[in-house]
1. Scanning the chain for helices, which whole DSSP H stretches are 30 Å or more long along the axis (Cα) and average 0.5 or more by Kyte-Doolittle?
2. How big is the dipole moment of segment 8-129 about its Cα centre under a simple scheme where the beta carbon of each Lys and Arg is +1, that of each Asp and Glu is -1, and everything else is neutral? Debye, nearest 20, please.
3. When you count, for each residue, the other Cβ atoms within 10 Å and take the mean per peptide, how do 51-62, 83-94, 220-231 rank with the highest first?
4. Out of T109, T240, T15, any idea which swings most in a Gaussian network model of the chain, alpha carbons joined below 10 Å?
5. Quick check: convex hull of the Cα atoms in segment 1-153, volume per residue, rounded to a whole Å³?
6. Given H placed on each backbone N at 1.01 Å, which residues far from S25 in sequence or on other chains put an amide H within less than 5 Å of it?
7. Over the chain, what is the percentage of antiparallel beta bridges among all DSSP beta bridges, to the nearest 5?
8. Hey, any idea what the orientation-averaged projected area of the convex hull of the chain's Cα atoms comes to, in nm²?
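Please treat every number below as a calculation from the coordinates, not as lab data. Just so we're clear, the structure is a prediction, and the values are computed from it rather than from any experiment. All Cβ positions, even for glycine, are placed from backbone atoms using ideal geometry, and neighbour counts span all protein chains on display.
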Amino acid sequence: MLEITPVPILADNYTWVMRSPNSDSAIVVDPGEAAPVEQALQGFGLALAGILVTHHHHDHIGGVAELAAGGIPVFGPNDDRIPALTHALKAGDRFDPPGLDTTFEVFETPGHTLDHIVYYGDKILFAGDALFAGGCGRMFEGNAPQMVGYLAELRDLPPDTQLYCGHEYTAANLAFAQAVEPDNLYLQKRIQQVSAQRKNGVITLPSILSEERETNPFLRWDEPPVMDQASQHAGRALQTPAEVFAVLRDWKDHF
C-alpha cells in the first residue's frame, strides 16, 4: 500500500508525496510550489523520482520546472503550458511511476480545464480539481455534458476508492451540499465531522468515494431530491443530467 503525505502549499492547495513502503524515493503530485516540496522530501529523507501533473493551472505546476531540473520525469496531459513535460498521457494510458510498485490508469476529465486528467491505481484517485471532497472544480473551459460524463466514470470506481484532491475546500463544499439536500442525514453527519476536523486544524482528505456518492451533489445529479432542488432553483423542470449539473454548478458558483 502506498504511503501518501500531504504538503500544504499556497493558500489552500495540497501537493501529495507518495512512496512505496520502505522506499527512499518519492513521486509528487501537482507541485504548485517547489520549496515546501523540497523541504518535505528532505525531512523524509526521500529523493524525488517523478512528478505527476493533473492540469496546467499555476497552483498545480508552479514548482514543476524547478523540481524537474536535472532530468526528473514529468507525467501529465499533452499541453505545452506544462513545463518540463516528458511523458504526455491520454485516456486509458497505464503506467508505473518510477520507484513505485503501483500501476496508474489515466482518465481524461475535461471541464475545469480541457487538458485535465486524473490518476487511478490501487484504489487511490489523484483528482486534482476534477473532483473535490463534497464538490468539483469550477467549469472554466469545458461544458456540463463533458463534466457529467467524466464524473459518471469516476463515481463508478470501487466505493472504497480514496480521493486525494487539490484543495482544502471540504467545509465550504458541504455547506452548499446542505443547501441542496437539507434533509440528507448522511450529509449532516459528515458536516459535523468535517467541522470538528477543521476546528482542530486536521486535513479532511482523503475522502472515500462511497461517502462522496452519499453527500456530494455533483455526483448525485440523478437523485430525486437533488433534481427537485435544482429544478426549484432554476424555476423550471430539468430533463437531463447535464441540465441538472449545469444548474448546480452555476448555483455553487454564486453561493
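1. Numbers: long enough: none.
Qualifying helices: none.
2. 180 debye
3. Working: 51-62: 22.9, 83-94: 14.9, 220-231: 17.7.
Most protected by this proxy first, the peptides run 51-62, 220-231, 83-94.
4. T240
5. Working: hull volume 15.9 nm³, N = 153.
In segment 1-153, the Cα convex hull volume per residue is 104 Å³.
6. A47
7. Numbers: 23 of 37 bridges.
Restricted to the chain, the bridges split so that about 60 percent are antiparallel.
8. Numbers: hull surface 51.8 nm².
Mean projected area of the Cα convex hull: 13.0 nm².
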